[in-house]
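Data first, discussion second: the structure below is written as structure tokens.
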Amino acid sequence: MSENFKEKETIYKLMREIIQERRELSKQYYELKERLEKLDQSSVHPIAYDHQPTENGTGLSILDKERIKQQDYYIKNNKSSHYVSYEQ
């Protein structure tokens, strides 16, 4: 196969991975949005948005902890999936 074909194949593969990740992020976004709407409709106490020390003493709200958890998950699963050397 020619060098040009290999590079095109790699680019298409990366594009498919980006689309797949975008779909997953969209899914997570809409799930979180739905969750927020349910919270707005219920009479649940609002989440503390300030960084006052909580029961566990960390000062992080539930929302902050969930955001950090999602970031860690995303970084762990996508650590090097986009980098493919073209000089193979």
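If I filter region 40-64 down to residues being under 30 Å from Glu21 (Cα atoms) and open to solvent by less than 80 Å² (accessible area, probe 1.4 Å), which single residue comes out as modelled with the lowest pLDDT? Spell out how you get there, then give the answer.
Of region 40-64, the ones under 30 Å from Glu21 (Cα atoms) are 40, 47, 49, 60-64.
Remaining after also requiring open to solvent by less than 80 Å² (accessible area, probe 1.4 Å): 47, 60-61, 64.
Details: Ile47: 54, Leu60: 73, Ser61: 79, Asp64: 79.
The selected residue is Ile47.
Among the candidates Arg16, Arg35, the residue that is at pLDDT 95 or above and under 19 Å from Tyr74 (Cβ atoms) is uniquely Arg16.
The values are calculated or read from the model by the stated rules, or taken from the named source; none is laboratory data. Here the structure is a predicted model, which means the values were calculated and not measured. All Cβ positions, glycine included, derive from the backbone under ideal geometry; neighbour counts span all protein chains shown. Only protein heavy atoms, including side chains, enter the accessible area calculation; ligands, DNA and RNA are left aside. Shrake-Rupley method; radii C 1.70, N 1.55, O 1.52, S 1.80 Å.
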